[in-house]
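Please treat every number below as a calculation from the coordinates, not as lab data. These numbers come from a predicted model, not from an experiment. Cβ atoms come from the backbone with ideal geometry, glycine included; neighbour counts cover every protein chain shown.
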Amino acid sequence: MFLQRTIRKRVEVKGIGLHTGKPTKLTFCPAPENTGVYFVRSDLPGRPALAARASNVQATQLATTVGGDKFSVATVEHCLSTLSAFRIDNLFIELDGPEIPIGDGSAKPFLDALLEAGMVEQETPRKYAYINQTIYYGDADKYAYIAPYNGLRITCTIDFPHPRIGKQTMDIDINEQSFAREIAPARTFGFMRDVEILRSKGLALGGSMKNAIVLDPEEILNPEGLRFHDEFVRHKVLDALGDLVTLGMPLMGNVVLYKAGHDLMNRLVKKILESTESYRTIELGADLPENPFETQYLWA
Ligand SMILES: [Zn+2]
């Protein structure tokens with residue numbers, strides 16, 4: 001039997017917001033079983049909370065924002081991606097401002113914090129969404145679909161008309177080990193021309209080569225270069241995992257993405273939730289005998 005997980009103790013991640021450029025602090029806090037993942041704005045009266053669910057997502061080209069009428073939390077995907085890989089079911093993510101700290105532009109600061117906190121298993125079994133038949137969203141140019149698979153696998157292709165990016169594909173089975181080694185360190189990236197436009201609108205004020213790979217029309221501008229030769233597609237896998245958390249339950253399936261961004265991911269997640277005939281909820285060990293995920297934990 002595989003039980004729900006939360007973290008053992010509170011742990012903080014400090015940094016600046018990508019858009020505001022202002023200092024911000026995030027605190028991961030343990031949550032009771034069957035809670036799910038919530039963002040809590042500790043700086044606002046009454047400490048309002050909002051579930052990390054697809055219905056609360058305001059996806060943009062740049063990042064995923066979770067928001068309601070009264071408040072929002074921006075750039076959630078890097079922090080959520082670790083939860084997807086580690087199957088953390090119940091968590092409060094407290095924030096003292098409108099934006100998650102950007103860190104170094106990867107999931108590494110969140111992964112390190114969650115490993116420092118450690119995990120605990122709870123009393124109730126985890127339920128997975130197990131895909132029975134393929135669910136497709138998209139058109140000829142961009143698409144996302146999910147096919148039946150014993151495990152969580154991401155097959156992601158990007159194609160940017162840039163000499164240092166071009167077409168890149170990654171096909172990876174997601175577990176704690178593969179995520180920590182292959183995905184978590186991959187940084188976000190942006191083009192200098194877009195950064196200039198964003199700045200003129202008062203956005204990306206905290207963006208720099210400390211928290212993103214920055215490209216001009218020809219080259220990568222960061223003096224340290226890349227962490228992986230295909231860091232760009234790896235970061236897209238990271239983003240996709242973060243967006244999958246908004247399904248509200250861990251997923252078993254093969255997610256296939258072609259030029260997909262946050263908007264397409266949000267539409268795919270909503271379509272999965274609507275396609276109740278295309279998935280069933282299962283418990284590993286009971287409904288499916290074998291465990292396709294890792295047996296060696298990084299946090300034990
Ligand atoms: Zn990203």
Which order do peptides 200-211, 235-246, 22-33 fall in by mean Cβ count within 10 Å, highest first?
-> 235-246, 22-33, 200-211
Cα lying deepest toward the dipole's positive end in the chain, options 157, 286, 105, charges on Cβ = 105
Got a sec? Charge dipole of the range 175-300, +1 on Cβ for Lys and Arg, -1 for Asp and Glu; which of 221, 260, 183 is way out at the positive end?
-> 221
Going by a ≥ b ≥ c, the root eigenvalues of the Cα gyration tensor, does the range 48-183 fall in the rounded group (a/c under 1.5), the prolate group (a/b larger than b/c) or the oblate group?
-> rounded
Along the Cα-to-Cβ line of residue 224, 7 Å from the Cα, sits a label point; which residues in the range 78-113 have backbone N less than 14 Å from it?
-> 103-109
Lys, Arg +1 and Asp, Glu -1 on Cβ, resulting dipole of the range 141-300 about Cα centre, debye, nearest 20 | 460 debye
By a straight-distance test (C-alpha under 20 Å), which aspartates and glutamates pair with residue 271 as possible cross-link partners, with residues fewer than eight away in the same chain excluded?
-> 77, 139, 141, 239, 243, 263
Would you calculate the separation in nanometres between label points at residue 112 and residue 169, each defined as 7 Å from the Cα along the Cα-to-beta-carbon direction?
-> 3.5 nm
Placed amide H near residue 213: partners under 5 Å, 5+ positions off or other chain | 188, 189, 190
Could you run the Karplus curve 6.51 cos²θ - 1.76 cosθ + 1.60 with θ = phi - 60° over the range 26-43 and give me ³J(HN,Hα) per residue in whole Hz, x for Gly and Pro?
-> 10, 10, 7, 10, x, 9, x, 4, 6, 7, x, 10, 10, 9, 10, 8, 6, 8
Specify which residue in the list 138, 246, 3 is farthest towards the positive end of the charge dipole of the chain, using unit charges on the beta carbon of Lys, Arg (+1) and Asp, Glu (-1), about the Cα centre.
-> 246
Give me the distance in nm between label points sitting 7 Å out from Cα along the Cα-to-Cβ direction at residue 3 and residue 133, one decimal.
-> 3.8 nm
Centre separation in Å (Cα based) which lies between the range 183-200 and the range 9-47 = 23 Å
For the range 184-300, what is Rg from Cα atoms divided by 2.2 N^0.38 Å, rounded to two decimals?
-> 1.39
Relative to the Cα centre, what is the charge dipole magnitude of the chain, using +1 at the beta carbon of each Lys and Arg, -1 at the beta carbon of each Asp and Glu, and rounding to the nearest 20 debye?
-> 540 debye
Among beta bridges assigned by DSSP with both residues in the chain, the antiparallel ones amount in percent, to the nearest 5, to 70 percent
If you average the sequence gap of Cα pairs under 8 Å that are 6 or more apart and divide by the length of the range 46-175, what percent do you get for the contact order?
-> 13 percent
Listed residue pairs exceeding 19 Å between alpha carbons, taken from 22/210; 167/270; 14/201; 108/167; 108/236 = 167/270; 14/201; 108/167
Volume of the Cα convex hull of the chain, divided per residue and given in Å³ = 127 Å³
Given charges of +1 on the Cβ of Lys and Arg and -1 on the Cβ of Asp and Glu, with all other atoms neutral, how large is the dipole of the range 209-300 about its Cα centre, in debye to the nearest 20?
-> 220 debye
Taking only C-alpha pairs under 8 Å that are 6+ residues apart, what is the relative contact order of the chain in percent?
-> 27 percent
Computed [θ] at 222 nm, helices only, for the chain once each DSSP H run of length n ≥ 4 contributes -39500 (n - 2.57) = -5500 deg cm²/dmol
